[in-house]
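The values are calculated or read from the model by the stated rules, or taken from the named source; none is laboratory data. Please read all numbers here as calculations on a predicted model, not as lab measurements. Here the Cβ is made from the backbone with ideal geometry for all residues, glycine too, and neighbour counts use every protein chain on show.
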Amino acid sequence: MADTNHNGSLHDEFILLGFPGFEGSESLLSAPFLLVYIVTLIANSGIVLVIVLDRSLHDPMYSLICCLSVVDIIISSIVVPKMLLSFLFNLKAISLAGCLAQMFLVHFWSSAESTLLLLMAIDRFVAICNPLRYPAIITNTVLLKLGALAFIRSGVAMSILIILASPLPFCKSNIISHCYCEHMALVELACADTTLNSAMGLLFACAIIGFDSVCVLLSYCRIVTTVVKIPSAESRRKAFHTCCTHLLVIAFCYLTALFSFLTYRVGQVPADVRVSLSVMYLILPSMANPIIYGMRTKEIRERLLKRFGGRRVKTRVQVVASVTHRGAQFLLAG
């Protein structure tokens with residue numbers, strides 16, 4: 001463990017403080033985080049399994065849901081196991097190389113999740129606003145190409161952040177006031193000018209999260225204007241319910257992410273609030289996404305019940321549907 005009392009020494013090992021204000025009682029946090037992690041793994045794995053094994057669900061929309069579940073599993077697995085080891089066994093130390101690797105993976109896969117949410121919004125936009133051309137516009141090949149470009153975008157951006165952070169002299173302290181290696185949480189420990197690091201981090205946050213969120217918002221605005229023209233009042237109500245449900249999840253993900261990035265620049269934000277929100281935007285959407293996008297989609301829910309429940313079970317959950325290229329409409333289950 002690096003010694004934090006020698007201000008002139010360069011640290012190559014760091015201590016993840018965890019949640020400020022919970023020192024000494026972090027074991028109490030292990031149960032809820034473990035529960036969230038287990039639910040995330042089970043729910044997302046079930047959706048991935050059903051979509052992969054059922055050839056009728058190999059359409060673009062279901063492929064996106066499957067990819068989102070895979071990314072959610074990856075994000076949770078990068079962050080939560082290390083947190084649990086820290087809470088339960090006080091294994092808070094992490095090397096500089098390990099910290100940089102975790103930082104890259106967290107931000108890269110978070111950007112990948114943002115990309116998938118954008119592609120899903122585009123899928124719904126085309127299906128509802130231009131249904132006749134949906135099969136020609138939205139194909140697995142097109143989505144794969146768009147996803148590859150977005151992944152390259154994220155990979156280049158995160159690599160630049162790592163390249164800029166790696167040579168910094170970390171001699172202020174080796175205590176990271178966070179429960180995982182967040183970019184600015186590590187960079188602020190450097191005893192050198194970090195203006196470029198901060199500016200590039202903010203630039204990439206706006207270029208990726210900001211750009212994607214604006215495109216998603218515009219897509220759903222166009223969807224809403226189309227839904228308003230639906231003659232049936234009941235269909236409009238259910239469609240609005242679907243859009244609102246998706247937008248709430250997306251807004252939570254994007255707003256907490258942007259807040260996390262901005263709090264290091266504006267200051268005067270309590271550390272416990274900053275850490276809590278940055279953890280929430282990584283973990284909670286990973287648990288909510290399979291419910292919102294998967295289990296509340298009629299086809300996926302029915303196959304989950306058939307495969308794992310042994311028989312069809314009628315539920316009284318209010319249904320939100322997803323759009324398929326067959327009817328280019330929301331499929332509503334009761």
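Within region 35-62, residues that are over 16 Å from Ile291 (Cβ atoms) and touching a residue at least 12 places away in the same chain (Cβ under 8 Å) have Cβ atoms under 7 Å from residues that are polar (S, T, N, Q) and part of a helix (DSSP H, G or I) in these pairs: Pro60/Asn140, counting only partners at least 6 apart in sequence or on another chain. With respect to (1) at pLDDT below 80; (2) in a helix (DSSP H, G or I); (3) touching a Leu at 6+ places or on another chain (Cβ under 9 Å), the lone exception for Val273 is condition (3). I'd like to know if region 201-215 contains one or more residues that are more than 23 Å from Ser278 (Cα to Cα) and not aliphatic (A, V, I, L, M). The answer is no, given that none of the residues of region 201-215 is more than 23 Å from Ser278 (Cα to Cα) and not aliphatic (A, V, I, L, M). Evaluation of Ala157 against the conditions (1) touching a helix residue (DSSP H, G or I) at 6+ places or on another chain (Cβ under 7 Å); (2) of a type in the set (Gly, Ala, Ser); (3) surrounded by fewer than 19 Cβ atoms within 10 Å (Cβ to Cβ) shows that the sole unmet condition is (3). With the requirement that a residue be of a type outside the set (S, T, N, Q) and surrounded by 20 or more Cβ atoms within 10 Å (Cβ to Cβ), what does region 34-47 give you? Passing the criteria: Tyr37, Ala43, Ile47. For region 113-135, the candidate set comprises residues that are free of Cβ contacts under 8 Å to residues at least 24 places away in the same chain and assigned to a helix (DSSP H, G or I); within that set, the residue that is surrounded by the most Cβ atoms within 10 Å (Cβ to Cβ) is Val126. Quickly run through region 78-95 and pick out the residues that are assigned to a helix (DSSP H, G or I) and out of contact with any strand residue (DSSP E or B) (no Cβ under 9 Å at 6 or more places or on another chain). Ile78, Val79, Val80, Pro81, Leu84, Leu85, Phe87, Leu88, Phe89 - these are the residues of region 78-95 that are assigned to a helix (DSSP H, G or I) and out of contact with any strand residue (DSSP E or B) (no Cβ under 9 Å at 6 or more places or on another chain). Part of a loop (DSSP other than H, G, I, E, B) and modelled with pLDDT under 95: does that describe Gly24? Yes: the conditions hold for Gly24. State whether one or more residues within region 203-225 are part of a helix (DSSP H, G or I), farther than 26 Å from Asp72 by Cα and modelled with pLDDT under 75. Among the residues of region 203-225, not one is part of a helix (DSSP H, G or I), farther than 26 Å from Asp72 by Cα and modelled with pLDDT under 75, which makes the answer no.
One line per residue, one yes/no per condition, for (1) surrounded by 22 or more Cβ atoms within 10 Å (Cβ to Cβ); (2) of a type in the set (Asp, Glu); (3) more than 18 Å from the chain's Cα centre (by Cα); (4) at pLDDT 90 or above:
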{"site": "Arg55", "(1), (2), (3), (4)": "no, no, yes, no"}
{"site": "Asp59", "(1), (2), (3), (4)": "no, yes, yes, no"}
{"site": "Met83", "(1), (2), (3), (4)": "yes, no, no, yes"}
{"site": "Gln102", "(1), (2), (3), (4)": "no, no, no, yes"}
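For region 165-189, a residue qualifies if it is without any contact (Cβ under 8 Å) to a residue 24 or more places away in the chain and either assigned to a helix (DSSP H, G or I) or small (Gly, Ala, Ser) (or both), and exactly one does: Val187. For Gly18, the conditions (1) small (Gly, Ala, Ser); (2) surrounded by 20 or more Cβ atoms within 10 Å (Cβ to Cβ); (3) modelled with pLDDT under 90; (4) part of a helix (DSSP H, G or I) are fulfilled apart from (4).
The number of residues in region 76-94 that are under 14 Å from Glu182 (Cα atoms) and of a type outside the set (A, V, I, L, M) comes to 1.
Put simply, of Ile163, Ile152, Ile138 the only residue that is more than 30 Å from Val269 (Cα to Cα), at pLDDT 90 or above and surrounded by fewer than 15 Cβ atoms within 10 Å (Cβ to Cβ) is Ile152.
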